[in-house]
Each structure stands twice: as C-alpha cells, then as structure tokens.
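Undergrad: I'd like to ask you about the structure that follows.
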Amino acid sequence: MDKLVIGIDFGTDSCRSLVVNCTTGKEVASYTAFYPRWKRGLYCEPSTNQYRQHPQDYIESLEEAVLGSVNQLKEAERENIVAIGIDTTGSTPCLTDREGTPLALLPEFADNPNAMFVLWKDHTAIQEADEINRLAHSWGTDYTSRSGGIYSSEWFWAKALHLLRADEEIRDKAYSLIEHCDWMPALLTGNLKPELVKRSRCAAGHKGMWAEEWKGYPSPEFFSALDPLLDGFADTLNNTTYTSDTSAGKLTKEWAERLKLPEGVDVSVGIIDAHAGAIGAGIKSHTMVKIVGTSTCDIVVTPQEDIGNKTISGISGQVDGSVIPGLIGLEAGQSAFGDIYAWWKETLAWSFNLLQVEQKAEAMEQILPRLTEEAEKLPLTAFDPIAIDWLNGRRTPFTDLTLKGTLTGITLGTTPAHIFKSLVEATAFGSRAIMEHLKKEGVKVEEVIAVGGISLKSPFVMQTLSDVMGVTIKVPNVQQSGALGSAMNAATAARVFHSVEEAQANLAQGYLTFYTPDKKREDIYDQLYERYVALSNHILSLFPLK
C-alpha cells in the first residue's frame, strides 16, 4: 500500500494540513483552520508592535486542520499514514514551566499576553536586541557572527529578556523557553521536559545564537552579563540540535486518538516555515527561494566549500543543515512586502468607514485589483516617484527595525495608482538589494524560485520583481510549499526516503509559470534602482545604523 505523510504548516493566521502520497507524489487532501483568538484580534496591540498568540489556538487549529484533512481519506488510507512534519513561523518563542508547559496554559496566566507565544513580527524587544548586539560585539566571542552580525528584536533571546523584564508575575514560574516549531513535535510525542526536547537546528541556529563553533548556545557568563534574569535559562536547552529530517519521536496514544491516526507515527523535528517552504519549492545548491507574502524570506543553500569559513554579514544567519542536511542554509528577507500593499489599501479605504458594512466590504475587495489595473497602464520612466520599503523596518541587509519607509517625487498629478506602482517597485528594489548584497559577500545564486500567496495571485508584482532583479523567476505548481516541505521532512524522518533531496525528487509538483525580465523595462529599472540606493543611503546618513 502507498505510504502517506502529513505536512503541517503553522502560519501567521492559520494552520494548514496537507496529506501527500509518497508513491505517486500527489497531494491527496488538505484543510486550513484559522486561529480563533487571533482572528478576533486578542492579545495584540499593533500601536506598540505587540503580537501574541495563545498556545490554545495552536492546539485547536492543529486538531481541526488534521482531522479536516484526514476525514477526507478512506479508513485504509489513514492506516498508511507513517509520519507528520511540522513547520511554524519563527522566531515565535514562549516561556514555559519546569514541565515544558507554556505559561499561558496555566490557569493563572491564561489571559496574560506575556505568557503566550511571541509572534515573529512582534517588535517589543528592540531595546533588548540593542543590548545583545552591544555586548556581543564587545565580547571575546561575537555570538551574532553567525546571524549576520546583528541580532534582531524578532528573535528568541531578545523576546525572552523582554518578557522577563516586563512581567514580574511570570518570572517565578518561568523556567525555560521554547520555539513554537519545537513545542509542537514535543507536544505530539510527549517529550515536553525542557532538557529532553529535540530542538530544531534551523530555529536554534538562525534565531537563538546557537553554533557548533562555540559548542551550542552563548556561555552562561554572557547571559549573566546581559541580564541576571536570564541566568540558568540556557542550561535548560540541550546544546545538541537536530536537522528536520530527523524523528523527534512517535505520536503518543492520546494524540493518535485525538487526530484519528495510527499509533507509531513518526513526528519529525520542527523547522521554520520559510525553510520548509524552500524545501517544498525544490531548493538546491545555488538556488534562492523567495517566500513572498506579507513579508519575504529569502533562503539560499550552498556547499561549505563555496564560502569556507567566511561569515556572511548582514543576513539572518548561516547554519549548517538548517534547510538541507550537508548544505549551509542562508536566510535573508524583507520585514514587509504584501503588508505594504495592504497598508496602502487600508489608507485609501479610510473614507469607507462612512459606508454601510456590506458596501464597505464590497468596495474593499475592489481596491487592489483596480490599483493593479491602473498601475499596469502607467508608463515607466526614470523620473517616476521612488519609495523605500522599510515601512516595518529593514531585515536585510543589516537588520534595523527602527528604520521607516519613505516616498519621494510626488506632485499634484500623482494618483493612488502611481503610489501603488512605486510601492510595488520599492518591494522589488528591496529584493534586488538583498540579491546584490549576497553577490558582494561571495554567495553564488544561479536561479530564483518564488512561492507564497503573491507569487500565485499577482502577475503584476511578479513581473515587476523579475524586471527589477533582472532574473527569470520560476513559480512552482504548489499552493502550500511549507506544508509540502514539512511532508518531505516527515517522509525522510520515517525513512520512506533516504534523504531530503530524494524526497524532493519524488514529491515535486513541477512549475506553474515563469517570469522573464523585459530588457527595455530592466534598463529603466536600473536607473530607478540607483535612485532607490541613493535615497536609502541618504536616509541612513540621517539615521545611522545602531
């Protein structure tokens, strides 16, 4: 009988479950469940960049999504499910007690945002990140050197320190810290004890300052010097990490019953969603996979011999085996992409508040399609308005989440479509800046693959991206690349395949379309990009990197 695997993708808004046939490569069932509390806007304060998610949301959506997909199968097919793979957003950590229970699952902290998972885009820890950078850069070992030289407020230790400082009530109970992508496999396998959790090489290396070079996490002396509140926390994390083609354990009897799955199902070690998406998209040596959505994450894998002992500055980490075991995984990205278009849509829709609810909803749906239609008609010149894409700070190159966006060159003749066009171009310029930075650092990129909602929904954005970057962009025939990548990890962990590369070869879905740069537009975009770089440099001279 054909063996089946399940890939589970925890995104920003929802959990997706995908069932894949390992013999035919076909996606045989899928289901999406939305986080109920998050959907109601609970525990978040956008004005202060606070974004928290309740662990109960993850539990409930996991059950709904898996049952929703499994119930589409015949009974005999369910019995042939051999493994589950999981990816999540990251860095999305949470404080836990001694048993590994997220504090928000304890009655006394059930509605305390500081006891919940801190979503990747939460920027409340900017001060703590600054302190980590200052200390690391003056320490004997620069623990940020494997994270591009700058530690981000979006990451593991900055968020942990912020929570401990901000909330005296949770300090006494807080014993350890866990990433969302580590907690889900630990929960399903019953291995929640902090010291026993099989922690993801991907999350620890890219977000947690873990490196083989210094034999694990930063030293206890480093954390004590940073703030005594962190004393002992690193000791609860095993310095051994695991690649995501490894089994974290077997599904417990309780969870097998809850999910209507057979006992003995392998659960692979977790992975961050963008890295799983890169696997699902077919990443290989010298390929960049762009996960294009509300933000972007750019993943490149390269052989060790290509970069030797060089540390790549200004990116979000270089980690051996974080994507494909045996290859160095490099991560970069933009803090806002589709979110910028959504911001402009919401700005234009401000006056819709005067309309009835039904009218407002109908009008809102028409904004981006109409803007796209009008923007496509506009001529492209070297004198068009220029925008900078830092509306949510800059992630790469050189993280600085305090930076702000800019729009220049507008006149009384500038229309909303002109501005939308400049915002789309700004996000493309940001992508080109990342590509050029990697090239400058000696990283070879021979092809670009794009996945994510925008790659499937907006030919206008994707063609602009191709024209600006000057490369052909391949779009795979994959709706859920993260879930597919996690399914590939699961199949490898269960030894259905001997390697992730073999799983990719057997489960790949082919390509949907290609975007090729238009030479005439490419030449004009070269001139506009020079203006983008000049404007970026001017902004940085006014607000130098901390």
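Undergrad: Taking every DSSP beta bridge with both residues inside the chain, roughly what % is antiparallel (nearest 5)?
TA: Working: 49 of 71 bridges.
Of the beta bridges lying entirely in the chain, close to 70 percent run antiparallel.
Undergrad: Tally Lys/Arg at +1 and Asp/Glu at -1 over every other residue whose Cβ is under 11 Å from the Cβ of G326; what's the total? Kindly include the intermediate steps, with their values, before the conclusion.
TA: Working: positive: none; negative: D245, D320, E501.
It works out to a net charge of -3.
Undergrad: Please list 513-519, 334-340, 20-26 highest first by mean number of surrounding beta-carbon atoms within 10 Å per residue.
TA: Per-residue mean Cβ counts within 10 Å order the peptides as 334-340, 20-26, 513-519.
Undergrad: Taking amide H positions as placed 1.01 Å from N in the peptide plane, with prolines and chain starts having none, which residues 5 or more places from T513, or on another chain, fall under 5 Å of its amide H?
TA: It is V475, by chain and number.
Undergrad: Continuing with this model, one more query. Taking region 43-84, which GluC sites (Glu not before Pro) meet the DSSP loop condition and have no more than 14 other C-beta atoms within 10 Å? Display every interim value, and only then the final one.
TA: Numbers: sites: E60, E63, E64, E75, E77, E79; in loops: E79.
Taking region 43-84 and a limit of 14 other Cβ atoms within 10 Å, the loop GluC sites (Glu not before Pro) found are E79.
Undergrad: In addition: Less than 11 Å from a label point 7 Å out along the Cα-to-Cβ axis of A166: which backbone N atoms in region 99-119 qualify, by residue?
TA: Under cut-off, by backbone N: 113-119.
Undergrad: Sum -39500 (n - 2.57) across every DSSP H segment of at least 4 residues in the chain, then divide by the residue count to get the 222 nm mean residue ellipticity, nearest 500.
TA: Working: 20 runs with 214 residues, N = 546.
So the calculated ellipticity at 222 nm is -12000 deg cm²/dmol.
Undergrad: Need one number: nm distance between label points at S224 and R40, each 7 Å from Cα along Cα→Cβ, rounded to one decimal.
TA: 4.6
Undergrad: At 24 Å minimum axial length over the Cα atoms and a Kyte-Doolittle cut of -0.5, report the qualifying DSSP H helices in the chain, or say none.
TA: Values: long enough: 357-377 (31 Å, -0.90); 416-440 (36 Å, 0.06); 519-542 (35 Å, -0.68).
Qualifying helices: 416-440.
Undergrad: What FRET efficiency do you get for L542 and K519 if R0 is 30 Å and r is their Cβ-Cβ distance, rounded to the nearest 0.05? Before the final figure, lay out the partial values.
TA: Numbers: r = 36 Å, r/R0 = 1.19.
For R0 = 30 Å, the calculated efficiency reads 0.25.
Undergrad: Taking R0 as 41 Å, what FRET efficiency do you get between K360 and F383 from their Cβ-Cβ distance, rounded to the nearest 0.05?
TA: The formula returns an efficiency of 0.70 here.
Undergrad: Could you check the spin-label model distance between A505 and A76? Points 7 Å from the Cα along Cα→Cβ, value in nm.
TA: Taking the simple label geometry, A505 and A76 are separated by 3.0 nm.
Undergrad: Suppose each label sits 7 Å from its Cα in the direction of the beta carbon; what would the W343-K3 distance come out to in nanometres?
TA: 4.7
Undergrad: With the dipole of the chain worked out from charges on the C-beta (+1 for Lys and Arg, -1 for Asp and Glu) around the Cα centre, which of A332, A33, S152 lies farthest toward the positive end?
TA: A332
Undergrad: Which is farthest toward the positive dipole end of the chain among L401, L371, G85, measuring Cα position about the Cα centre, with Cβ charges +1 (Lys, Arg) and -1 (Asp, Glu)?
TA: It is L371.
Undergrad: In region 253-346, which trypsin sites (Lys or Arg not before Pro) are in a loop and have at most 11 other Cβ atoms within 10 Å, using DSSP for the loop call?
TA: Details: sites: K253, R258, K260, K284, K290, K310, K345; in loops: K260, K284, K310.
Listed in order of number, the matching sites are K310.
Undergrad: If you don't mind, there's one more thing I want to ask. I'd like the Karplus ³J(HN,Hα) series for region 12-19: coefficients 6.51, -1.76, 1.60, θ = phi - 60°, whole numbers in Hz, and an x wherever there's a Gly or Pro.
TA: Karplus-based 3J(HN,Hα) across region 12-19 equals 5, 10, 7, 10, 10, 10, 10, 9 Hz.
Undergrad: Where both residues lie in region 1-108, what percent of DSSP beta bridges are antiparallel, nearest 5? Before the final figure, lay out each step's value.
TA: Numbers: 16 of 23 bridges.
Antiparallel bridges: around 70 percent, rounded to the nearest 5.
Read-outs: derived from the displayed coordinates by stated rules, not from any lab. Keep in mind that what you see is a predicted model, and the values were worked out from it rather than measured. With ideal geometry, Cβ positions are generated from the backbone for all residues, glycine too; neighbour counts draw on all protein chains shown.
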